[in-house]
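Notes for the one structure printed next.
Please treat every number below as a calculation from the coordinates, not as lab data. In this text the structure is predicted, and so the values were computed from the model without any measurement. In this analysis, Cβ positions are derived from the backbone assuming ideal geometry, glycine residues included, and neighbour counts consider all displayed protein chains.
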Amino acid sequence: MFCLNLMLKFSDSSSPVKGPIISQQQMPSKTNFLWRAIAWPLALFLLSLASIYFYHLLPSDVAYRFSADGTPDAWLGRGVVLGIILGSQTLFLLLAVVVGLLMSRVLRRVDDKRAERMATILVGMPALPQTLVLFLAANMFSYNIYHTNPLPVWPITIGIIVIGTAILIILFSRSMHRA
């Protein structure tokens, strides 16, 4: 909600803007910010494209869910698995690009390095679930191709949740101190 209020406040040209307004010559490059901000989501998306290479090595039915002792509980076709992996990675990358475009529009009106850092982190947040999807894909591929025992998913999931929560707490506490 805070981000939405921030975007609305700065995108409405009739509202008074706190902080210095910057001229066209001083305006930071929208393209540079966008590429910097989506670097991690883009890198993780490109890394997920490696799953195309492993497609032919997968059996026709891929185990994707495992019990506590490492035995498979559920299977899907390998085309469905690849579609879910690449589809989810594409959606996360698109989310990062859309948020990046919105944030770059906001940042064009304000000359504040802290706001730019906050926007960069917010745009990169889809990298957290992308990391989880890549871990799950690597886990599935290692079991189905090399027949290794899958690693437990819960420590990675808890770690990603803790990291994301910590980032958001830091961002919002800094923004509240600034306001």
- Task: Just need the relative contact order of the range 18-173 here, percent rounded to a whole number, with Cα pairs under 8 Å and 6+ apart.
- Result: 32 percent
- Sticking to Cα atoms, compute the Rg of the range 28-178 to one decimal and its Dmax as the biggest Cα-Cα distance, whole number, in Å. 18.4, 55
- Radius, Kirkwood style, for the range 32-89 when every pair of distinct Cα atoms is counted (Å): 13.2 Å
- Note on the structure: Simple SL model, points at 7 angstrom along Cα→Cβ for residue 172 and residue 46; separation in nm is 3.4 nm
